[in-house]
Amino acid sequence: MNQDVKSKAQQVLNEAKLKNDDGINLDDYNMGNLGEAEGAYQSESEIPRDIKESMDSVGIDVSAKKSGLYLQSGNKHDLCVSNVKGVELMPIKEALIKYDGTDGKLNLKDYLWKAVAPDKDKYTAEAAIQEITQGYFIYAKKGQKTIFPLQSCLFVNLPGMKQVVHNIIIAEEGSELDIITGCTVHKTAKKALHLGVSEFYVKENARVSFSMVHNWGDDTNVRPRTGIILEDNAQFSNFYIVMSAVKNLQTNPFIQLLGKNSSYYGQTLIYGKGDSYFDTGATAHLIGEGSKAELISRVLAVDNAHIIARGTIIGDGKNVTGHIDCSALILSNNSRVDSIPEISARNPEVTLTHEASVGKIADDHIEYLMSRGLSEDEAINLIVSGFLDVDTSPLPEKLAKETEKIIEMVSASEMG
Amino acid sequence: MSFLRIDDISVEVGGKLILKNFSLNIDRGEVHVLLGPNGAGKTTLIKTLLGFKNYKVLQGHIFFKDQEITELPTNERVKLGIGVLFQHPPEINGVKLSNLLTVCGQKRGNNNHSSTEDVCEDDLAPDLQNLASRLNFTDEYLNRDVNMGFSGGEVKRSEILQMMVLKPDLLLFDEPDSGVDVENVELIAKIMRELLDRDKIPSLQNKSGLIITHLGYILKFLGHITRAHIMMDGTITCSGDPAMIINAIMKNGFESCRQCLACTDGATVFPEVDFSL
Ligand SMILES: Nc1ncnc2c1ncn2[C@@H]1O[C@H](COP(=O)(O)OP(=O)(O)OP(=O)(O)O)[C@@H](O)[C@H]1O
Ligand SMILES: [Mg+2]
């Protein structure tokens with residue numbers, strides 16, 4: 001890696017150590033199984049049952065038809081299966097060796113830390129300092145498509161561990177990628193830190209759909225760092241679902257819509273319970289002419305949860321449009337939701353809008369349903385399940401069905 | 001035994017006394033009409049009968065099927081067989097009408113058919129569609145959120161559709177005809193007539209009803225109405241023969257009902273209000 005990048009990162013880390021503004025000390029966690037032998041399993045059938053169950057909890061059904069599967073425990077990959085010609089799925093360490101720019105091949109280094117800045121904060125800096133740790137590389141070659149979704153699962157398996165992941169996804173011109181990914185933690189590994197850098201590059205006329213489910217423990221700190229770059233006519237739909245307790249989760253994917261008529265649709269579903277603290281959002285920068293972004297979030301807070309739902313759209317290019325929609329339900333006296341939509345126009349020819357609502361379920365809605373024979377709890381559940389009934393229509397059919405199934409399953413198990 | 005007995009209740013809403021020493025009895029098989037000027041407290045009475053939270057019964061008792069229900073939660077009252085068509089139901093974001101109807105159907109199944117055969121969800125779906133099509137509702141409506149963006153007339157039809165699924169024993173209709181065009185009033189009335197057992201011989205008429213209306217026209221289609229009541233300032237000021245009372249209101253307005261003086265010649269003077277079918 002570039003020495004300059006590294007020293008900048010080191011500087012960010014040193015400064016952050018002095019401030020420690022979010023109370024998370026990176027030195028409190030160890031790299032666990034880093035350096036152990038990679039590829040513990042030869043095939044899906046060797047995955048132990050308890051791990052399969054954890055994968056199930058984030059919607060990764062190993063028996064389902066898929067174009068490929070990547071499984072990582074801690075800081076090493078356990079299994080990587082790729083079934084589709086023209087769509088590569090491999091551990092990033094391998095990919096960096098294979099795609100070195102020789103013989104007319106892609107040079108992966110050209111994509112490393114280009115969508116996410118290594119000196120953005122102490123987490124990206126940590127990932128940069130750790131050199132490249134493990135993660136997945138997905139590469140759809142020109143015009144190639146996944147038939148069934150690719151699956152990936154990142155699993156934190158040891159207590160006290162920090163999992164540092166770096167993923168790179170490249171969709172070449174005219175390609176299509178459907179990806180389901182789940183991140184979860186082993187029952188015994190609750191006290192843990194998940195730090196995931198993901199960089200997406202979607203080229204001309206390519207389309208990526210990405211569904212991600214997180215299932216954490218109440219002592220897990222989570223810091224996904226995502227960057228997405230969209231070229232001309234590129235499309236990205238992003239579904240993000242967290243319905244488990246977490247200690248402290250903060251994420252804010254940065255989407256750069258560089259290309260003409262590129263589009264981004266992001267939908268986030270957060271069900272915060274226990275003492276969970278969430279600070280989630282997305283930032284879309286509309287640069288290419290006619291590009292558009294839609295940021296939608298549904299937020300539900302119970303118990304003592306505190307959720308901050310952000311959305312930022314910056315309109316720079318000509319005729320760009322953006323919309324932020326956040327609705328939140330507060331179902332307990334001690335929970336709290338802050339909704340912070342932000343739209344910024346830097347050109348008279350942009351159209352940016354936002355709507356946000358935060359509140360409890362209206363009494364007259366509950367009473368109305370009770371007047372149809374539902375108990376108070378049944379009435380609340382009916383309204384809440386309607387609230388969680390997210391619109392999956394921007395996803396391709398197969399992924400939409402999968403995503404709906406996952407939401408249904410996760411909400412059934414998390415909400416009792 | 002009386003079916004619904006409201007015994008001298010006074011009810012406060014938002015710190016304001018709305019119902020004052022209100023009493024009313026409705027027996028099994030009877031259909032009553034409640035008339036009264038805007039703000040008299042008619043809707044307040046309905047919400048009190050359902051036990052809504054903000055409706056504080058300061059005194060008096062409500063009995064239904066020989067059981068005191070004054071303190072019962074709303075859904076327990078509904079389980080006993082009370083059903084309401086609301087004047088202004090809320091829009092319920094996120095709950096599809098079809099979904100609510102299915103839940104209503106399951107509730108109904110659990111409450112009444114437990115001893116006979118079970119009504120399962122699969123049986124209900126085609127049934128629902130039949131009921132909906134009788135009210136000229138297409139699937140598009142059923143897939144919409146309850147009352148979201150419904151027109152005035154659609155709201156009433158959606159309300160009555162829910163009654164059709166719930167099949168209550170006591171039906172409370174709060175202005176089923178307001179804002180509804182003539183054709184749809186007749187459609188709604190026809191279904192009310194069915195739900196109220198009006199076409200059965202009197203000994204088999206087991207349903208009871210209370211109809212709140214400002215217009216009277218809908219009553220034409222409902223067969224024999226047992227009694228009419230006039231409510232003013234939170235209490236009943238006058239009760240009697242429906243034809244006579246409605247004619248008197250048409251002639252003299254509500255003000256003269258305060259002393260209940262106007263009913264002497266109503267029926268003969270205004271024969272155009274015709275209750276016979
Ligand atoms: N929450 C409240 N706080 C204060 N006053 C209320 C409240 N709800 C109702 N009222 C008042 O109670 C009175 C009776 O209202 P209600 O809705 O029962 O009248 P109504 O007879 O149904 O009238 P309409 O024919 O217009 O439907 C009105 O004056 C109304 O403003
Ligand atoms: Mg009213």
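The set of residues in the range B:174-215 being open to solvent by 10 Å² or more (accessible area, probe 1.4 Å), assigned to a loop (DSSP other than H, G, I, E, B) and more than 16 Å from ligand 2 (Cβ to nearest atom) consists of B:Asp181, B:Asp197, B:Arg198, B:Asp199, B:Lys200, B:Ile201, B:Gln205, B:Asn206, B:Lys207. Restricting the range B:233-262 to residues that are closer than 22 Å to B:Lys16 by Cβ and charged (D, E, K, R) leaves a set whose member that is modelled with the lowest pLDDT is B:Arg258.
Across the range A:271-305, the number of residues qualifying as within 28 Å of A:Ala234 (Cα to Cα) and either over 21 Å from the mean Cα position of the chain (by Cα) or in a loop (DSSP other than H, G, I, E, B) (or both) comes to 7.
Scanning the range B:7-26 for residues that are over 11 Å from B:Thr235 (Cβ atoms), of a type in the set (Val, Ile, Thr) and within 9 Å of ligand 1 (Cβ to nearest atom) yields one hit, B:Val13. Checked against (1) within 14 Å of ligand 2 (Cβ to nearest atom); (2) under 14 Å from B:Thr70 (Cβ atoms); (3) touching a residue at least 40 places away in the same chain (Cβ under 8 Å), B:Phe52 passes all but condition (3). Looking only at residues in the range B:27-54 that are more than 9 Å from ligand 1 (Cβ to nearest atom) and open to solvent by 40 Å² or more (accessible area, probe 1.4 Å), the one that is nearest to B:Asp199 (Cα to Cα) is B:Glu30.
Applying the selection to the range A:211-223, what residues are part of a strand (DSSP E or B) and either open to solvent by 10 Å² or more (accessible area, probe 1.4 Å) or aliphatic (A, V, I, L, M) (or both)?
Step one: of the range A:211-223, the residues part of a strand (DSSP E or B) are A:211-215, A:220-223.
Those that are part of a strand (DSSP E or B) and either open to solvent by 10 Å² or more (accessible area, probe 1.4 Å) or aliphatic (A, V, I, L, M) (or both): A:Met212, A:Val213, A:Asn215, A:Val222.
In the set (1) in contact with an Asp or Glu (Cβ under 9 Å, 6 or more places away or on another chain); (2) open to solvent by less than 10 Å² (accessible area, probe 1.4 Å), the condition left unmet by A:Leu300 is number (1). Within the range B:71-106, if we keep just the residues that are in contact with a Pro (Cβ under 9 Å, 6 or more places away or on another chain) and small (Gly, Ala, Ser), the residue that is farthest from ligand 2 (Cβ to nearest atom) turns out to be B:Gly81.
Here B:Gly94 meets the list (1) over 20 Å from the mean Cα position of the chain (by Cα); (2) buried (at least 19 other Cβ atoms within 10 Å of the Cβ); (3) modelled with pLDDT of 90 or more almost entirely, failing just condition (3). Starting from residues that are over 25 Å from B:Gly29 (Cβ atoms) and assigned to a loop (DSSP other than H, G, I, E, B), keep the ones in the range B:58-86 and report whichever is farthest from the other protein chains (Cβ to nearest Cβ). If we take residues in the range B:58-86 being over 25 Å from B:Gly29 (Cβ atoms) and assigned to a loop (DSSP other than H, G, I, E, B), then B:Glu71 is farthest from the other protein chains (Cβ to nearest Cβ).
Give the residue that is nearest to ligand 1 (Cβ to nearest atom), with candidates limited to residues of the range B:143-166 that are among the charged types (D, E, K, R) and more than 11 Å from chain A (Cβ to nearest Cβ).
Taking the range B:143-166 as the starting set, the residues that turn out to be among the charged types (D, E, K, R) are B:144-145, B:154, B:156-157, B:159.
The next check asks that each one be more than 11 Å from chain A (Cβ to nearest Cβ); those that pass are B:144, B:154, B:156-157.
On the way: B:Arg144: 26, B:Glu154: 19, B:Lys156: 14, B:Arg157: 19 Å.
Here the residue is B:Lys156.
Kindly check whether there is at least one residue in the range B:55-70 that is within 16 Å of ligand 2 (Cβ to nearest atom), of a type outside the set (Lys, Arg) and open to solvent by 40 Å² or more (accessible area, probe 1.4 Å). Checking the range B:55-70: at least one residue is within 16 Å of ligand 2 (Cβ to nearest atom), of a type outside the set (Lys, Arg) and open to solvent by 40 Å² or more (accessible area, probe 1.4 Å).
Among the residues making up the range A:191-226, those that are touching a Pro at 6+ places or on another chain (Cβ under 7 Å) and not hydroxyl-bearing (Ser, Thr, Tyr) are A:Lys191, A:Ala192, A:Gly196. Just one of the listed residues (A:Ile330, A:Ile343, A:Ile324, A:Ile406) is crowded, with 21+ Cβ neighbours inside 10 Å, touching a strand residue (DSSP E or B) at 6+ places or on another chain (Cβ under 8 Å), more than 13 Å from chain B (Cβ to nearest Cβ) and free of Cβ contacts under 8 Å to residues at least 40 places away in the same chain, namely A:Ile324. Out of the residues in the range B:21-49 meeting the condition of being within 16 Å of ligand 2 (Cβ to nearest atom) and among the basic types (Lys, Arg), tell me which one is farthest from the other protein chains (Cβ to nearest Cβ). The qualifying residue farthest from the other protein chains (Cβ to nearest Cβ) is B:Lys42.
The values are calculated or read from the model by the stated rules, or taken from the named source; none is laboratory data. For clarity, every value in this text was computed on a predicted model and none was experimentally measured. Positions of Cβ are generated from backbone atoms using ideal geometry, with glycine treated the same way; all protein chains shown enter the neighbour counts. Note: accessible area is taken over every heavy atom of the protein model, side chains too, but ligands, DNA and RNA are not part of it. Shrake-Rupley method; radii C 1.70, N 1.55, O 1.52, S 1.80 Å.
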